Structures are given as C-alpha cells and as structure tokens.
Amino acid sequence: AIILALFALKNALVSGLAERAPGLALDLSPHNATALVSQFDRSLAEGGDRSRQLLESTELPKSALRDAPLSPGAIRMLALAMELRSKGASAGTGSNSAGALMNLSERLSRRDLAVQLWLIEEAVLHDDLSGALLHYDRALSVHPDVSVQLFPVMTGALDTVQVASALAPYVRTWRPWV
C-alpha cells in the first residue's frame, strides 16, 4: 500500500509540474509526454537553435509517444522532426509523412495552434483555398489573439474573387472571429 501510494504521489507531482516546470517534471519522469512537449514548446517560443537541436533526432518525440501514444503535441514534434530530416536530405517522403502526422495530430486535437499554422501553410502551398480557410477558422476560433498575424494575410488576399467567395460562408455564419 505504501509503494502504491508513493507511486501515485510521484505521478500526481509529475502531472502537476509537467506544464509549469517541465525541467523539474522531467527530472522525476524523463519520458513524460506532457513535460517533453511543454519543454519543446518553450524552447520554440524562445527561438534560437534549441528547438531545432531537440528535433535533430526523432528520439525525443518517440520517447514522448511511448509515454502517451495519442499525444497531439508529441505527434506534432515527430512530424516536425521528420520534416526537418527530409529537408536535410533531398527525398520528399519525410514531408509526406510529416503531413500525415500533422493531420493525425489535428484530428486528435484542433486546439494546437502550431499544427493549425502548419496546415494553413501546407494548404496554401498546394493551392487548397478551402483547406487554408478551414484551418484559419479553427486557429482564429480557438486562439483569437493570433488575429494580429493572420488577419493581414487574409485581408490582403480578399482582392481575389475566389478568396472572397470562399470566405463568404464563414461571414454568413458569423464565426466568432468575424
């Protein structure tokens, strides 16, 4: 009973620290998916090469996925690592795998802004206007604060008839960001 109680206490402590103090949580549980993703997201927000170094190997995201196989953040990390690896090599198969993983991450949770932004960019690269607007809608509905970055791009494209007509249903249904 004491061992079980200590195990439960450790898990509760790690869960509580995973997002707020990922370094400390990783000291207690080195493969905790929430802490690994949180640490990666912090390094990404700080900029620099730290986040790129974390993705040089796919071991970090794979470690997170072993802890939580359906973690949208860990799947996103693996997708970014695969994309980074495919850009280092000339083969394009990593990019296809990255796209499939990003779509999987988005199907698990539509709240991840980084995934939505990646999917917007991917849709634009493939001239998929409806897909781009769908991801714009999801990103702006969940994270209204990114309107500062996304609105200028969208309004700059309103001169195009296709963009204006594709945007009309969102305006008609009066989406929260409209």
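The values are calculated or read from the model by the stated rules, or taken from the named source; none is laboratory data. A quick note: this is a predicted structure, and the numbers were derived from the prediction, not measured. Here Cβ is always computed from backbone atoms with ideal geometry, including for glycine, and neighbour counts include all displayed protein chains. Accessible surface areas use protein heavy atoms only, side chains included; no ligands, DNA or RNA. Shrake-Rupley method; radii C 1.70, N 1.55, O 1.52, S 1.80 Å.
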Fill in the blank from the handout: On the formula 1/(1 + (r/R0)^6), with r taken between the Cβ atoms of His31 and Val146 and R0 of 25 Å, the FRET efficiency rounded to 0.05 is 0.20
Handout entry: Alpha-carbon centroid distance for the pair segment 129-178 / segment 8-23, whole angstrom
Key = 38
Problem - Surface accessible to a 1.4 Å probe, per residue, for the residues of segment 26-178, Å² - result: 56
Practice task
For the chain, find the longest principal axis of its Cα atoms and tell me its angle to the long axis of helix 129-142, 0 to 90°, nearest 10.
Solution key: 50
Problem - Per-pair calculated FRET efficiency, R0 = 30 Å: Val171 and His126 via Cβ, rounded to 0.05 - result: 0.80
Problem - Inter-label distance, nm, simple model (7 Å from Cα along the C-beta direction), Arg42/Ala21 - result: 1.0
Fill in the blank from the handout: Note on segment 86-178: contact order normalised by length, alpha-carbon pairs under 8 Å, 6 or more apart, percent, works out to 20
Fill in the blank from the handout: Once normalised by the length of the chain, the mean sequence separation of its alpha carbon contacts under 8 Å that are 6 or more apart gives a contact order in percent of 11
Practice task
In Å and from the alpha-carbon atoms only, list the Rg and Dmax of segment 26-78.
Solution key: 10.2, 28
Handout entry: More than 26 angstrom apart: percent of Cα pairs within segment 37-178
Key = 30
Completion exercise
If one compares the long axis through the Cα atoms of helix 2-17 with the longest principal axis of the Cα atoms of the chain, the angle in degrees, nearest 10, works out at 30
Exercise for the section: Calculate how steeply helix 72-88 sits against the longest principal axis of the alpha-carbon atoms of the chain, using the helix alpha-carbon long axis, and give the answer as 0 to 90 degrees to the nearest 10. Expected result: 70
Exercise for the section: Sum -39500 (n - 2.57) across every DSSP H segment of at least 4 residues in the chain, then divide by the residue count to get the 222 nm mean residue ellipticity, nearest 500. Expected result: -23000 deg cm²/dmol
